[in-house]
Amino acid sequence: MESSEPATEPQARDRDAAGRPRNARPRDGLGRPLPKGMPGVPTTPDDLVLPPVEALREAQRLLDGGRPFHAHEVLEAAWKASGQPEREFWRGLAQLAVGLTHARRGNTEGAARLLRRAADRIEDYAAAPPYGVPVVALTAWARSTAELIDHADGSLSDQALTPQLGPTGLPWAGAVDS
């Protein structure tokens, strides 16, 4: 028996000039896609490449502004641009931001799991922290925040969900780009 419903075409993916898939849909402040044509918040360009210290500063600015999804995009770009031995460091920072995105969206289980995974990755850099990142403090923060999320009723403050990626005081004072 044939359906009288018209066949729907699969949604074509947005692509850049080179044919790589890109998502041109607008997004809300937590990175959730919005319907095409709706206003959204500015997103990180797909081809963003920042020097490491600038990527950390931009990610911190976004985290401070309650936009962990967008911080994740910056950190993910740094991860993809990095080589060994820092690749897993950047991957851990990106996972930390994704965990915070899940927490702000209400997915507490996913948030806690990603924060712990991020801590495990970042922890390996404690002996020689790249770019002045306080690895020991950040690892402890991620694990304690995961515990808070596990036992909270879903109402953690913005401050509780905002890590410090750089040293206290002036951000990255004395940090060396490499």
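Observations on the model:
- Here is the figure for region 124-142: residues that are surrounded by fewer than 17 Cβ atoms within 10 Å (Cβ to Cβ) and in a helix (DSSP H, G or I) total 3.
- Qualifying position, being free of Cβ contacts under 8 Å to residues at least 24 places away in the same chain, among the hydrophobic types (A, V, I, L, M, F, W, C) and farther than 14 Å from Gly166 by Cβ, among Leu114, Leu100, Leu75, Leu50: Leu114
- Some residue of region 24-44 being modelled with pLDDT under 90, surrounded by 15 or more Cβ atoms within 10 Å (Cβ to Cβ), of a type in the set (Lys, Arg) and not in a helix (DSSP H, G or I): yes
- Of residues in region 78-97 being among the aromatic types (Phe, Trp, Tyr) and free of Cβ contacts under 8 Å to residues at least 40 places away in the same chain, the one farthest from Ser157 (Cα to Cα): Trp79
- Qualifying residues in region 101-123 (those that are of a type in the set (Gly, Ala, Ser) and closer than 21 Å to His70 by Cβ) - the one surrounded by the fewest Cβ atoms within 10 Å (Cβ to Cβ): Gly106
- Failed item in (1) at pLDDT 90 or above; (2) out of contact with any strand residue (DSSP E or B) (no Cβ under 9 Å at 6 or more places or on another chain), with Leu161 passing the rest: (1)
- Applying a threshold of 6 Å to beta carbon distances and a minimum spacing of six or more residues, or different chains, the list of pairs starting in region 55-69 at a residue that is within 18 Å of Arg27 (Cα to Cα) and ending at one that is surrounded by fewer than 19 Cβ atoms within 10 Å (Cβ to Cβ) reads Leu63/Thr162; Gly66/Asp158; Arg67/Gly29; Phe69/Leu30.
- Among the residues making up region 65-92, those that are within 18 Å of Gly132 (Cβ to Cβ) and outside any helix (DSSP H, G or I) are Ser82, Pro85, Glu86.
The values are calculated or read from the model by the stated rules, or taken from the named source; none is laboratory data. Computed from a predicted model, the values in this text were never measured in an experiment. Reconstructed Cβ throughout: ideal geometry from the backbone, glycine too, with neighbour counts over all protein chains shown.
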